[in-house]
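As structure tokens, the structure follows; a few thoughts come after it.
The values are calculated or read from the model by the stated rules, or taken from the named source; none is laboratory data. Quantities reported herein were computed from a predicted structural model and do not represent experimental measurements. Quick reminder, even Gly has a Cβ in these numbers, built from the backbone with ideal geometry, and neighbours come from all protein chains shown.
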Amino acid sequence: MAAPDIREQVDLIREVFAYAERFRGSTFVFKISNEIIDHPDFPQHARDLALLHKAGIRIVIVAGARKRINEVLNRYGVERHFVDDIRVSAPESMDLIKMAAFDVAHRIMTALSGHKITAVIGNWVRARSRGVLDGTDYGRTGLVDRVTVEAVVRSLEQGHVPIFPCIGHNESGDPFNLSSDELAGTVAASLNARKLFLLNDDPVMGTPEWIIPEGVDVLEDGRIFRMTPAAVRDFISLNPDKPGRIALETAAAACRGGIDRAHILDGRQSGVLLKEIFSNLGVGTMVFADAYERLRPMESSDVPGIMEVMQPLITEGILVERTREELEKKQKDYWVYAMDGVVHGCAALHSWGERSAEIAGVAVDPRYAQLGIGAKLISRLSEKAVEEGYRQLFVLTTRTADWFLSRGFREGSVADLPIERRKDYDAGRNPRVLVRDLGGN
């Protein structure tokens, strides 16, 4: 196996272990649509859920049952009626709806039991009537009133996997048919879950099928990578009739309700859960409420990560080697790009007096270069240089001149360097000098 392939596999293994440690003890809520439970790959999903459970992650599952409810109602000749994609549930059909919902939940429980996982189907939801809206009486279609958190937590602490059917009861014991999407978001918020996953049978969202507004990140392969709840509003307004709209609305509502991240996945793809959880780029679309990506000053704990990101560039001769001691000594000069606490890029702004500063040590993990990390670092350090009153930036480079020239730098010479920096100029390495004027007085 070639050395780059070995390194890529080792990096992946390290990433998996880092995430496994970070998420141990966390609660993840999974809404699984009926179509995915019927899919040939569902046994693999059950196996992956069992692996997550055994790794110390608290698993909670909400079972979507629309397809099964339709099948049961059709079998007994009961007419189906929807308004704005919401089922109107006649009181006389609730026994059939309950039967279908619990049947789907039981299928999940059975699949997990095959991996020696104890799952529990519970009545943990208090519901209320949706009532009459715009003249439509929704009958026994309800809204989530509250989740009996204490009972669910006890089940989790006993090592069980709670499974929520899409049924709730009011204080009088009357059953109500609930939206599994709304239920999943409410359960996640009530349990203070770390993440919410929505496994549906819709294709992965991407271009050119979707119109992309500002604030939505798209990867090179066209996949819509992530967006904020605010961006979701714009996104849906531009794509009102696309499949996946409800999942996006659910994800955005969950994030506004306190969930850090909600992940929308095409459950017809085998292994999507593990790929989404144990890698930064994932395989689906994420809605995030916290600072998922951020540029920040370097911290002492970042040094190992910075050295790891720099090493391939040092080996290629693109960067000058730096020791741990040198990085720690210059800590105040460095900024990093971190995702989930893992460093994927760095750069430094060194002062050389004479109102001149040097950008140095620019390194980005190549797996994440498509996110524009390098450009973001240069932009932030340029802003910082202006804030601190520098009039000129310069960079010394042997292999990346074109990249810097495309970002506002121009060709310079050793004579353009501050006097003290000229003394340290490595003529043997013969780097090109690039300069960028910042203006000012």
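Residues in region 147-185 that are touching a strand residue (DSSP E or B) at 6+ places or on another chain (Cβ under 7 Å) and of a type in the set (Lys, Arg): 0 in all.
Of the residues making up region 239-254, those that are part of a helix (DSSP H, G or I), of a type outside the set (Asp, Glu) and more than 25 Å from residue 376 (Cβ to Cβ) are 245, 246, 247, 248, 250, 253, 254. Filter region 253-268 for residues that are modelled with pLDDT under 95 and more than 11 Å from the chain's Cα centre (by Cα); which is farthest from residue 29 (Cα to Cα)? That would be 256.
Is it the case, given these coordinates, that residue 155 is assigned by TED's automatic domain parsing to the domain that holds residue 288, assigned to a loop (DSSP other than H, G, I, E, B) and over 22 Å from residue 229 (Cα atoms)?
no
In the list 82, 42, which residue meets the criterion of being buried (at least 19 other Cβ atoms within 10 Å of the Cβ), of a type in the set (Phe, Trp, Tyr) and out of contact with any His (no Cβ under 9 Å at 6 or more places or on another chain)? Unique residue meeting the criteria: 42.
Restricting the search to strands (runs of 3 or more DSSP E) fully inside region 262-377 and requiring at least 1 residues that are farther than 16 Å from residue 217 by Cα and among the hydroxyl-bearing types (Ser, Thr, Tyr) gives 334-339, 342-351, 356-364.
In region 195-232, of all residues being surrounded by 16 or more Cβ atoms within 10 Å (Cβ to Cβ) and part of a helix (DSSP H, G or I), the one that is nearest to the chain's Cα centre (by Cα) corresponds to 229. Evaluated against (1) under 19 Å from residue 59 (Cβ atoms); (2) over 32 Å from the mean Cα position of the chain (by Cα); (3) basic (Lys, Arg), residue 80 falls short on exactly one condition, (1).
Only residues that are under 30 Å from the mean Cα position of the chain (by Cα) and free of Cβ contacts under 8 Å to residues at least 60 places away in the same chain were counted in region 366-398, giving 12.
So, of the residues in region 112-168 that are within 30 Å of the chain's Cα centre (by Cα) and aromatic (Phe, Trp, Tyr), which turns out to be surrounded by the fewest Cβ atoms within 10 Å (Cβ to Cβ)? The qualifying residue surrounded by the fewest Cβ atoms within 10 Å (Cβ to Cβ) is 124. Taking residues in region 145-172 that are free of Cβ contacts under 8 Å to residues at least 60 places away in the same chain, and partners anywhere that are assigned to a loop (DSSP other than H, G, I, E, B), the pairs with Cβ atoms closer than 6 Å and at least 6 places apart or on different chains are 147/124; 148/124; 151/124; 160/118; 168/178.
Might you let me know whether region 19-32 holds any residue that is out of contact with any Asp or Glu (no Cβ under 7 Å at 6 or more places or on another chain), surrounded by 14 or more Cβ atoms within 10 Å (Cβ to Cβ) and modelled with pLDDT under 80? Checked region 19-32: at least one residue is out of contact with any Asp or Glu (no Cβ under 7 Å at 6 or more places or on another chain), surrounded by 14 or more Cβ atoms within 10 Å (Cβ to Cβ) and modelled with pLDDT under 80. Being among the β-branched types (Val, Ile, Thr) and either assigned by TED's automatic domain parsing to the domain that holds residue 311 or in contact with a strand residue (DSSP E or B) (Cβ under 7 Å, 6 or more places away or on another chain) (or both) holds for only one residue in 72, 104, and it is 104. Report yes if residue 184 is of a type in the set (A, V, I, L, M, F, W, C), assigned to a helix (DSSP H, G or I), under 21 Å from the mean Cα position of the chain (by Cα) and farther than 24 Å from residue 280 by Cβ, otherwise no. When the stated conditions are applied, residue 184 does not pass them.
Within region 421-435, the residues that satisfy the criterion of being in contact with a Gly (Cβ under 9 Å, 6 or more places away or on another chain) and over 11 Å from residue 358 (Cβ atoms) are 429, 432.
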